Every structure is written in C-alpha cells, then in structure tokens.
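Presented below is the structure to which this report refers.
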Amino acid sequence: MGVVPAGTAATAVPATTATAVPATTATAVPATTATAVPASTGRPYVLLSCATSIDGYIDDATQERLLLSNAEDMERIDAVRAGCDAILVGAGTIRADDPRLVVRSARLRAARQAAGLPPSPVKVTMTARGLLDPQARFFTVGDAEKVVYCAGPAVDRTTELLSGLATVVDAGDPLDPVRVLADLAGRGVRRLMVEGGASVHAQFLTAGLADELHLVVAPFFVGDRRAPRFVGDGAFPWHPGRRARLAEVRQIGDVVLMRYALSERCADGVPG
Ligand SMILES: NC(=O)c1ccc[n+]([C@@H]2O[C@H](COP(=O)([O-])OP(=O)(O)OC[C@H]3O[C@@H](n4cnc5c(N)ncnc54)[C@H](OP(=O)(O)O)[C@@H]3O)[C@@H](O)[C@H]2O)c1
C-alpha cells in the first residue's frame with residue numbers, strides 16, 4: 001500500500017506532492033468483487049455501499065446507530081471491504097456511528113496478508129472543519145493506515161489534533177473529491193469503497209465519480225423526516241431520461257441487495 005505512513009506525528013502532506021508508488025493488487029485477495037483496474041484509467045474504481053430502510057432512510061433520528069443490514073449481509077460487506085485498497089467515510093459518519101472500518105473475518109485478513117497486503121484496507125475520511133475525535137475507532141482500531149483529507153484552512157490544527165494517528169493531507173479549499181481520488185491513486189489505491197454518509201455519497205454520485213453502487217434495502221420503515229436519507233437534493237447523472245444499469249438483484253436473508261453499474265468500468269455479473 002502506498003500511503004505515506006503516519007509517523008510519530010501526524011504529517012500534513014500537500015495532495016499535489018503525493019509520491020506515486022506502484023499500485024497494489026487488491027485482485028490477489030479472494031474477495032468476490034475484486035476487479036482489475038488498469039492504473040492507466042486514472043482515478044480508483046469507486047464502489048459506493050449503502051443500506052436503507054424501505055422508505056429510503058439510512059439512519060433514524062436518535063443518537064444510536066441504526067442497524068439496517070443483517071448478519072449475512074455484514075459478511076458480504078466484509079468481503080467487499082477485503083477486496084478494496086481503501087475505505088472512505090465522511091467525517092459525519094465517524095462522528096455519528098464511530099465505525100471501525102476493518103476487515104472482521106480472520107480468514108479474509110489472512111488472505112490479504114498472504115497476498116502481500118495489510119490485513120485491512122487504508123481508512124480514509126474527508127473533513128472541512130477537522131473536528132474529529134482522536135479516540136474515534138476510525139483512528140484507534142486496527143493497524144490500517146489512516147488518511148484524512150482536510151480543507152486547507154483546518155490542516156494545521158487537524159495535524160496537531162491527530163498527531164501520531166493519521167496522515168493529514170491538505171486537499172485544498174474547497175476540498176474536492178476529484179482531488180482526493182487523484183491523490184489516492186497516487187498512493188496506490190486502485191479500488192475504493194465509499195461507505196457514506198449521505199453527503200459523501202451525494203458528492204460522488206453527482207460528480208459522476210461512482211462506478212458501482214451496492215444498495216441494500218432493509219425490511220422496515222423509519223418514517224421520520226428528521227432522519228437522513230440516502231442522498232438529498234442534487235443533479236444526479238441518472239434520471240428518468242438516463243436510467244442506471246441494474247447489474248444484479250440478490251436476496252440476502254431478509255434484506256435485498258441491488259447492485260447498479262454506474263460506469264462502463266463496472267462488469268455485469270461480478271458478484272459483490
Ligand atoms: N446506512 C448506511 O449505509 C450508512 C452508512 C454511513 C453513514 N450513514 C449515516 O449517515 C449519516 C451521516 O451522514 P452525513 O451526510 O451527515 O455525513 P458524512 O457524509 O459521513 O460526512 C459529512 C462530513 O464530511 C466532511 N465532508 C464531506 N464532503 C466534504 C467536502 N467535499 N469537503 C470537506 N469536507 C467534506 C464534512 O466534515 P466536517 O463537518 O468535519 O467538515 C461533512 O460535514 C449518519 O446518520 C450515519 O449513521 C449510514
């Protein structure tokens with residue numbers, strides 16, 4: 001993995017000076033979704049993953065994290081994670097859910113290591129304000145590299161805040177997902193899993209930066225407009241005049257997975 005290692009102090013790295021390293025081969029991992037992405041295609045292959053209620057909510061309005069997926073689907077998600085070089089969530093998801101974002105299966109971690117990869121993918125987040133808790137599990141659980149893409153004005157204090165925990169990258173102002181992807185590519189990330197939340201998913205979708213969407217629908221309603229939905233308003237590239245391509249529908253216990261191919265880079269029929 002080509003991410004600049006976080007040393008004893010958090011390192012502020014201008015995105016433009018990231019050192020290109022040979023891309024790793026997530027394809028060597030026996031995860032069912034691993035897809036070879038030629039380095040020449042530029043940005044990493046971007047796979048969005050999200051679970052919603054029947055009425056399209058991704059959480060409820062309480063402080064507690066809402067469990068939408070079931071155990072079997074969590075295993076599937078674990079395998080998808082294991083097939084990626086990096087996992088990205090927004091700072092809002094770190095604050096709301098305190099996710100670990102590590103590969104849970106010992107078998108999958110061992111397979112990654114046998115392939116010369118770290119046990120879990122690099123953890124990535126984006127923040128404008130840099131208000132991240134150094135005690136969050138994003139930073140404290142697992143040995144994966146952590147990269148924080150931070151808007152320029154907050155870089156210094158974020159670097160100080162996350163000293164020793166993460167590599168803080170100055171991603172400009174405003175922070176641009178295109179720039180984040182270019183920097184990740186330069187760090188050897190070929191396959192990126194984006195696990196939310198609403199703001200981050202919307203940005204990747206509206207910017208046309210998503211190759212594949214895994215949308216899981218849980219069998220219940222939330223019915224509370226205070227809760228976040230999958231995405232809010234936006235000019236999405238898929239609309240009644242340009243329908244997305246449904247690559248797969250799969251029942252997983254009591255939830256259903258819909259896999260949408262959002263670019264030509266997504267191969268139909270590849271199980272996820
Ligand atoms: N059901 C699911 O599959 C799922 C998955 C993940 C999350 N969720 C839910 O999603 C909700 C969180 O969603 P959210 O929209 O509030 O948060 P989010 O998308 O996780 O993160 C938004 C935050 O990320 C930073 N950010 C995003 N784009 C940026 C950009 N271009 N430039 C600078 N900073 C940027 C900002 O952080 P700063 O505020 O630090 O500047 C922003 O406030 C939670 O309720 C969570 O439970 C659900």
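The values are calculated or read from the model by the stated rules, or taken from the named source; none is laboratory data. Just so we're clear, the structure is a prediction, and the values are computed from it rather than from any experiment. Quick reminder, even Gly has a Cβ in these numbers, built from the backbone with ideal geometry, and neighbours come from all protein chains shown. Surface accessibility is based on the protein's heavy atoms, side chains included, excluding ligands, DNA and RNA. Shrake-Rupley method; radii C 1.70, N 1.55, O 1.52, S 1.80 Å.
The value obtained for region 135-272, namely the Cα convex hull volume divided by the number of residues, is 176 Å³ per residue. Between Arg137 and Glu160, the simple spin-label model (points 7 angstrom out along Cα→Cβ) gives 3.0 nm. Per-atom-type breakdown for region 112-233 gives carbon and sulfur 50% of the accessible area (1.4 Å probe, protein chains only). Here Thr62 sits with roughly 70 square angstrom of accessible surface, probe radius 1.4 Å. Quote the FRET efficiency, to the nearest 0.05, computed for Met258 versus Asp173 with a Förster distance R0 of 25 Å and r equal to the Cβ-Cβ distance. So, using R0 = 25 Å, E works out to roughly 0.10. For Ala128 and Gln63, a Förster radius of 22 Å and the Cβ-Cβ distance give a FRET efficiency of 0.45, rounded to the nearest 0.05.
Rounded if a/c is under 1.5, else prolate if a/b is larger than b/c, else oblate: which is region 90-172, with a ≥ b ≥ c the root eigenvalues of its Cα gyration tensor? Before the final figure, lay out the partial values.
Working: a/c = 2.59, a/b = 1.94, b/c = 1.33.
Since a/c reaches 1.5 and a/b is larger than b/c, the shape of region 90-172 is classed as prolate.
Using 0.36 nm per residue and subtracting the Cα-Cα separation, the extra length available between Arg107 and Val249 on full extension is 48.5 nm. Model label points for Ala71 and Ile54, set 7 angstrom from Cα along the Cα-to-Cβ axis, are 2.4 nm apart.
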